[in-house]
Structure formats: C-alpha cells, structure tokens
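Right, one structure below, let's go through it.
The values are calculated or read from the model by the stated rules, or taken from the named source; none is laboratory data. Worth saying up front: this structure is predicted, and the values here are computed from it rather than measured. Here the Cβ is made from the backbone with ideal geometry for all residues, glycine too, and neighbour counts use every protein chain on show.
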Amino acid sequence: MSAAILLWAITITQVVLGIAMILALTRMIRGPRAQDRVLGLDTLYVNSMLLLLVFGIRTGNTLYFEASLIIAILGFVATVALAKFLMRGEIIE
C-alpha cells in the first residue's frame, strides 16, 4: 500500500510542477518588465530542477540527480549574470 501512495504522490507532484513550469513560462514571456522575465526564468529553472529530481526518485536512476545539479549551477550563474546586467548595464567590469 505504501508503494501505491508513493506512486500517487510522485505523479501529483509531477503534474503540479508541470503546471508551475507553464505559469513561469507565461511570466517569462508576458512579463511587463525585464525583472519579471528574469524572475520567471529563475522560477523555471528551479521547477525544472525539481521535476528532474522527482523523476529520478520515480525511476531510481542517479543520472537525473546529476543533471538537476548541473541545471541548478547553470541557472544560478545565469540569474546572477542577468541581475548584474540589469543593475549596471554590463556583466564584466
């Protein structure tokens, strides 16, 4: 019975994360300002990282955990670079 509960919980989590990714994508496309677009991108990479983690839990494959770590690192660097660009107008000083 606990395996069935875990399967349902993982399925519901994947659906909710998919909906959150769609909402973040719409914020990234329709955002009235550049800050809203950066925030949508930040939310999108966090949701994709979490979706990969949940998929890794479902399949039991460790490759998904490593891919989510790479997405987290690249997303953090991209967010910092975009925030610095929006604040100062340049990335490299």
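Quick notes
- Selected residue (only one of L53, L17, L41 is touching a residue at least 40 places away in the same chain (Cβ under 8 Å) and either surrounded by 13 or more Cβ atoms within 10 Å (Cβ to Cβ) or acidic (D, E) (or both)): L41
- Residue in the stretch 82-93 that is under 12 Å from the mean Cα position of the chain (by Cα), of a type in the set (A, V, I, L, M) and surrounded by fewer than 18 Cβ atoms within 10 Å (Cβ to Cβ) present: no
- Here L51 qualifies as among the hydrophobic types (A, V, I, L, M, F, W, C) and within 11 Å of the chain's Cα centre (by Cα).
- Exclusive hit being modelled with pLDDT of 95 or more and either more than 24 Å from L86 (Cα to Cα) or not basic (K, R) (or both), set V38, V54: V54
- At least 3 residues being polar (S, T, N, Q) is the threshold, and among the helices (runs of 4 or more DSSP H) wholly inside the chain those reaching it are 2-30, 34-59.
- G75 being under 23 Å from I19 (Cβ atoms) and either buried (at least 18 other Cβ atoms within 10 Å of the Cβ) or small (G, A, S) (or both): yes
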